[in-house]
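Trainee: Please find one structure pasted underneath; my questions will follow.
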Amino acid sequence: MQNIVNFIKQTFKTNEFIPLHEPRFIGNEKKYLNDCIDSTFVSSVGKYVDTFEKEFAKTVGSKYAIATVNGTAALHISLILANVKTDNEVITQPLTFIATCNAISYIGAKPIFVDVDLDTMGLSPDSLKNFLEQNCEIINNQCVNKTTKKLIKACIPMHTFGHPCRIEEIKNICDIWNITLVEDGAESLGSFYKHKHTGTFGKIGAFSFNGNKIITSGGGGVIVTDDEVLAKRAKHITTTAKIPHPYEYVHDEIAYNYRLPNINAALLVAQLEQLEKFLALKRDLAVKYEEFFTSNKIDFITEPKDSKSNYWLQAVLLEDLKQKDEFLEFTNKNGVMTRPIWKLMNELEMYKDCQKADLKNAKYLEERVVNIPSSVIL
Ligand SMILES: *Cc1c(COP(=O)(O)O)cnc(C)c1O
């Protein structure tokens, strides 16, 4: 274990504490922030939100992008756009950050958990197909869960740590079953599946710019879609559903204050300019890690086939629970921050009674996967 700590300290060129993921502000961040402050437009109006939305849409290859206050809000609105209502059901993976399930719960809908693939750590199309065939039927063009008699309206796969899941197959299955595909791309900015950007396969995609993500605005998120009607509706309900008027306050439905402040957008525009550089440096780090861990007989997780990963959070797959615990204990005690993958959603108190498929791959990964320092090294 000491050799692992030594290698990571050498790689990050420091003897001090090494965090899991730090942001890097090495471009126009201060310039744009100053400009934003000088203009006094720090809040709901300003050019940086528009610039960011345009540039982000271009980056991922979607027609529209709508900035939001964080990634959870982006997911919440995405599910509203997907027409998910109270008492509907939404299929997702148990191995994800809590935000995915929170967004489902905000609507009053219930998650159903299907398994992940071992190599992608993302939702498994095989498990999804099995679940639907065994538990569901199409009635009046809608997918009905035969056990609960409820409608399954949406499916949210997540691209774990930036590694794309088998999204094309998932999309085909969702199409057959009339389920709207919403992608949780929070971790996968800069990741592609068969040369198409993650988050753009579904009808709607959501991304996050929380402090630990590949680019950050402190907090922030974005919704992407190719559908003009949905894009307009997303803007409308994230900005209190206010009808444009020179001075009157007229709102035409109950909506949300989920807009991204201009000051956060200013930071984000500068961050987005550096995405290519961050991606290249993360890939360099992954190459170094892979070489080192392979020669030490530890499984380093690399991008799955047919995909290009952003390597947002680097990860190793340890042999068993015991080795995982030893690894976490030793590294954290010795100044190298490491973290286990999430506890499975279906094991949390709020979701323990949700319907689920056989989750053996998710369980296997939960017991073995550990994230290691992943910041961009300058
Ligand atoms: C970060 C993240 C989100 C969104 O988080 P926010 O902190 O609300 O921006 C959603 N899903 C996943 C999988 C995430 O990692």
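The values are calculated or read from the model by the stated rules, or taken from the named source; none is laboratory data. None of these values were measured; they are calculated from a predicted model. Methodologically, a virtual Cβ is constructed for each residue, glycine included, from the backbone with ideal geometry; neighbour enumeration extends over all protein chains shown. The area values use the complete protein model at the heavy-atom level, side chains included, leaving out ligands, DNA and RNA. Shrake-Rupley method; radii C 1.70, N 1.55, O 1.52, S 1.80 Å.
Trainee: Inspect all residues belonging to the stretch 80-88 and state whether any of them is polar (S, T, N, Q), within 14 Å of the ligand (Cβ to nearest atom), out of contact with any strand residue (DSSP E or B) (no Cβ under 7 Å at 6 or more places or on another chain) and open to solvent by 10 Å² or more (accessible area, probe 1.4 Å).
Mentor: no
Trainee: So, one more: Considering every residue within the stretch 278-285, establish whether at least one is part of a helix (DSSP H, G or I), within 26 Å of K31 (Cα to Cα) and free of Cβ contacts under 8 Å to residues at least 24 places away in the same chain.
Mentor: If we filter the stretch 278-285 for residues that are part of a helix (DSSP H, G or I), which is where we start, we get 278-285.
Now narrow it down to the ones that are within 26 Å of K31 (Cα to Cα): 278-282.
Within this subset, residues satisfying the condition of being free of Cβ contacts under 8 Å to residues at least 24 places away in the same chain are 280.
Yes, the stretch 278-285 contains a residue that is part of a helix (DSSP H, G or I), within 26 Å of K31 (Cα to Cα) and free of Cβ contacts under 8 Å to residues at least 24 places away in the same chain.
Trainee: Next question, about the same structure. Condition (residue is assigned to a helix (DSSP H, G or I) and within 20 Å of A74 (Cα to Cα)) applied to the stretch 141-160: is it met by at least one residue?
Mentor: Scanning the stretch 141-160 turns up at least one residue that is assigned to a helix (DSSP H, G or I) and within 20 Å of A74 (Cα to Cα).
Trainee: Return yes or no: is K13 open to solvent by 80 Å² or more (accessible area, probe 1.4 Å) and either within 20 Å of the chain's Cα centre (by Cα) or over 30 Å from F327 (Cβ atoms) (or both)? Spell out the reasoning first.
Mentor: Numbers: open to solvent by 80 Å² or more (accessible area, probe 1.4 Å): yes; either within 20 Å of the chain's Cα centre (by Cα) or over 30 Å from F327 (Cβ atoms) (or both): no.
So K13 does not fit the description; no.
Trainee: I would also like to ask the following. Please report, ordered by residue number, the helices (runs of 4 or more DSSP H) entirely within the stretch 1-101 with at least 3 residues that are under 20 Å from T216 (Cα atoms).
Mentor: In the stretch 1-101, the matching helices (runs of 4 or more DSSP H) lie at 29-39, 47-60, 71-81.
Trainee: Checking Y48 against (1) closer than 30 Å to Q355 by Cα; (2) surrounded by 21 or more Cβ atoms within 10 Å (Cβ to Cβ), which test does it fail?
Mentor: Tallying (1) closer than 30 Å to Q355 by Cα; (2) surrounded by 21 or more Cβ atoms within 10 Å (Cβ to Cβ), Y48 fails exactly one: (1).
Trainee: Please identify the pairs in which a residue from the stretch 323-346 that is closer than 19 Å to Y364 by Cα has its Cβ atom under 8 Å from the Cβ atom of a residue that is open to solvent by 40 Å² or more (accessible area, probe 1.4 Å) and not hydrophobic (A, V, I, L, M, F, W, C), counting only partners at least 6 apart or on another chain.
Mentor: Listed by first residue and then by second, the contacts come to K324/P340; K324/E367; L328/R339; L328/P340; T338/N332; L344/K363; N346/K352; N346/K356.
Trainee: For the stretch 171-189, give me the residue count where each residue is surrounded by 24 or more Cβ atoms within 10 Å (Cβ to Cβ) and within 16 Å of the ligand (Cβ to nearest atom).
Mentor: 8
Trainee: Between G205, G199, G211, which is within 12 Å of the ligand (Cβ to nearest atom), surrounded by fewer than 23 Cβ atoms within 10 Å (Cβ to Cβ) and not polar (S, T, N, Q)?
Mentor: Working: G205 fails: surrounded by fewer than 23 Cβ atoms within 10 Å (Cβ to Cβ); G199 fails: surrounded by fewer than 23 Cβ atoms within 10 Å (Cβ to Cβ).
The conditions single out G211.
Trainee: Which of the residues that make up the stretch 343-364 are part of a helix (DSSP H, G or I) and open to solvent by 50 Å² or more (accessible area, probe 1.4 Å)?
Mentor: Scanning the stretch 343-364 gives E347, E349, M350, K360, K363, Y364.
Trainee: For the stretch 167-253, give me every one of the strands (runs of 3 or more DSSP E) that falls completely inside it and has 3 or more residues that are free of Cβ contacts under 8 Å to residues at least 24 places away in the same chain and assigned by TED's automatic domain parsing to the domain that holds G122.
Mentor: none
Trainee: In the set N135, N102, N141, which member is surrounded by fewer than 19 Cβ atoms within 10 Å (Cβ to Cβ) and within 16 Å of the ligand (Cβ to nearest atom)?
Mentor: On inspection, the qualifying residue turns out to be N102.
Trainee: Hey, can you tell me all the residues within the stretch 286-306 that are in contact with a Phe, Trp or Tyr (Cβ under 7 Å, 6 or more places away or on another chain) and either in a loop (DSSP other than H, G, I, E, B) or open to solvent by less than 20 Å² (accessible area, probe 1.4 Å) (or both)?
Mentor: A286, Y289, F293, F300, D306
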